[in-house]
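Asks: Let me begin by handing over the structure; questions about it come next.
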Amino acid sequence: MPTPAKVVVLPQEEGVLEVIDLELPDPGPHQVVVKQYASGICHSQLHQMHNPRVSPVILGHESTGIVLKVGSEVTHVTEGDTVLVTWVPRDAANTSRVPNPVEIELPGGDIAKAGNVFTWADTTISDEQYVVKVSPDINKEVTAIIGCAVMTGAGAVEHTAAVKEGDSVVIFGVGGVGLSAVVAARTLNANPIIAVDLDAEKLKFAAQFGATHTINASETDPIRAIRELTTDPDKRSMRGTPVAGADFAFDCIGLKQTMEQIVPAVRNGFFGAEPGGTAVLVGVPQTTVELNAADILVNEKKFIGSIGGSCSPDRDFRKYLEWYDQGLLDLDALVTERFSIDQINEATSALENGEIAGRAIMVF
Ligand SMILES: [Zn+2]
């Protein structure tokens, strides 16, 4: 029996989102139907809205919900289970099957597609690999942002970069993803933790979440400020001057300018005695970059990417829920705005205009 659902659809031609009532099919063998409590609203969806499309698109990739129906081959969840939905396969290391993207038929016959999942809907259907079982006692709203923002930011620090106690860390862009990176850096006892943004309110927020220093890049040259904060007289450079620059710099935005800034923001290495710093790209880039290859070569710096924070949701989501319970990850503060599904165009405009201090969610 089909399941009724209210779904946000991005038409192929226009950028205005529509909320459409339709029917979801019964789950295929590896699919799960989830009635949702809340979904996050992420910058990636803005990119989708601005890029050309070959079909109508269904969006959103982080949520909380309860399982309504499961396919015949699904064993890790059952009807009534509380779950988080995410866009990273929950157990890719131990699964040979590639999860299937989802398509749904719109009234009128057009097919709307998602690359992996869609959570801008009161009810969704997805491959079981994107559905993570959690305790029924979780906060059903704010934990919706674990499935992208928290995983991407915290995972980049913890897994991709493997930041250790005492490492110096710079985070460019402190929205939902960047703040999650700040929290992970603090939890792992990095020091200093330097937040860089153009928005004074976001920087104040970052300090509350554990940033030890903040730099407003609209007022100060961030590279010079970072170098001043991270000068280490005990480390050598090729020129014999004290080494300056962070051990790790994370770009949680993905703009050309910030992607290029994270390389000079990290420190120089020294001939096998000291490795250079690591620049980590976390935000989704929309352009290519021009990097100073000589700086990377001579100073043995690394420029690496982090997708979904190198997370394995089955392993990591439980931990992020524990961080929330322990007060380390203040999701109640991180979720700063709530919208209904009918306010979705208002929500995306607010995000576009920089009016969301932390992360916005849609509550169903
Ligand atoms: Zn996202």
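Every number here is computed from the coordinates shown, using simple stated rules; none is lab data. Keep in mind that what you see is a predicted model, and the values were worked out from it rather than measured. FYI the Cβ positions are ideal-geometry reconstructions off the backbone, even for glycines, and counts take in every protein chain you see.
Asks: Rank the residues 297, 46 as a footprinting-exposure proxy: fewest other Cβ atoms within 10 Å of their Cβ go first. Mind dumping the intermediate values first?
Replies: Working: 297 10, 46 17.
So the residues, fewest neighbours to most, are 297, 46.
Asks: Also, I was wondering about something else. Cα centroid distance between the stretch 210-233 and the stretch 154-198, in Å?
Replies: Result: 14 Å between the Cα centres.
Asks: Return the sequence-ordered ³J(HN,Hα) values of the stretch 20-26 in whole Hz as given by the Karplus equation 6.51 cos²θ - 1.76 cosθ + 1.60 applied to θ = phi - 60°, using x for Gly and Pro.
Replies: 10, 8, 8, 10, 8, x, 5
Asks: For residue 171, list long-range residues whose amide hydrogen, built 1.01 Å from N in the peptide plane, is under 5 Å from its own amide hydrogen.
Replies: Under 5 Å from the amide H of residue 171: 194, 195, 196, 250.
Asks: Which length gain, in nm to one decimal place, applies between residue 162 and residue 343 when the Cα-Cα distance is subtracted from 0.36 nm times their residue separation?
Replies: Working: separation 181, 0.36 × 181 = 65.16 nm, distance 3.90 nm.
61.3 nm is the gain from fully extending residue 162 to residue 343.
Asks: Right, next: Please give the direction-averaged projected area of the C-alpha convex hull for the stretch 152-307, in square nanometres with one decimal.
Replies: Working: hull surface 33.1 nm².
Convex hull of Cα atoms, orientation-averaged projection: 8.3 nm².
Asks: OK, next. May I have the extent of the alpha carbons of the stretch 1-149 along their three principal axes, as whole Å values ordered from largest to smallest?
Replies: On the principal axes, the stretch 1-149 reaches 39, 32, 29 Å in Cα extent.
Asks: So, one more: How much length would be gained if the chain were fully extended between residue 93 and residue 355, taking 0.36 nm per residue of separation minus their Cα-Cα distance, in nm to one decimal? Working shown, then result.
Replies: Working: separation 262, 0.36 × 262 = 94.32 nm, distance 3.82 nm.
Difference between extended and current length: 90.5 nm.
Asks: Quick one: length gained pulling residue 220 to residue 300 fully straight, 0.36 nm per residue minus the C-alpha distance? Write out the running numbers ahead of the final one.
Replies: Values: separation 80, 0.36 × 80 = 28.80 nm, distance 2.69 nm.
Result for the pair: 26.1 nm of gain on full extension.
Asks: So which trypsin sites (Lys or Arg not before Pro) in the stretch 129-214 are both in a DSSP loop and have at most 12 other Cβ atoms within 10 Å of their Cβ?
Replies: Passing both the DSSP loop test and the Cβ count: 164.
Asks: Another question, then. Hey, how many Å between the Cα centroid of the stretch 330-364 and the Cα centroid of the stretch 249-307?
Replies: Cα centres, the stretch 330-364 to the stretch 249-307: 31 Å.
Asks: In addition: Counting other Cβ atoms within 10 Å, keep those with at most 16, restrict to DSSP loop, and tell me which GluC sites (Glu not before Pro) in the stretch 178-283 are left.
Replies: Counting only loop positions with at most 16 other Cβ atoms within 10 Å, the GluC sites (Glu not before Pro) in the stretch 178-283 are 219.
Asks: Within 10 Å of each residue's Cβ, count the other Cβ atoms and sort 42, 252 from fewest upward.
Replies: On the way: 42 27, 252 30.
Fewest-to-most ranking of 42, 252: 42, 252.
Asks: Return the sequence-ordered ³J(HN,Hα) values of the stretch 52-65 in whole Hz as given by the Karplus equation 6.51 cos²θ - 1.76 cosθ + 1.60 applied to θ = phi - 60°, using x for Gly and Pro.
Replies: Going residue by residue, I get x, 10, 9, 7, x, 10, 10, 10, x, 8, 8, 6, 10, x Hz, with x marking Gly and Pro.
Asks: Could you give the size of the charge dipole of the stretch 152-307 about its Cα centre, using +1 on the Cβ of each K and R and -1 on the Cβ of each D and E, expressed in debye and rounded to the nearest 20? Walk me through the numbers before you get to the answer.
Replies: Working: 13 positive and 18 negative charges, 31 e Å.
Result for the stretch 152-307 is approximately 140 debye, rounded to the nearest 20.
Asks: While we're looking at this one, here's another question. Taking θ as phi - 60°, what are the ³J(HN,Hα) couplings along the stretch 339-347 by the Karplus curve (6.51, -1.76, 1.60), each to the nearest whole Hz, with x for Gly and Pro?
Replies: Karplus values, whole Hz, x for Gly and Pro: 10, 8, 4, 6, 9, 5, 5, 4, 5.
Asks: May I pose another question? For 259, 1, 49, which order do you get if you count the other beta carbons within 10 Å of each Cβ and list the fewest first?
Replies: Ordered from fewest to most neighbouring Cβ atoms within 10 Å, 259, 1, 49 come out as 1, 49, 259.
Asks: Average the reciprocal distances over every distinct pair of alpha-carbons in the chain, invert the result, and give the Kirkwood radius in Å. Could the numbers behind the result be given before it?
Replies: Details: mean 1/r = 0.0475 Å⁻¹.
Roughly 21.0 Å, rounded to one decimal.
Asks: Could you please state, rounded to a whole Å, how far the C-alpha centre of the stretch 22-82 is from the C-alpha centre of the stretch 113-152?
Replies: What the calculation gives is 7 Å, centre to centre.
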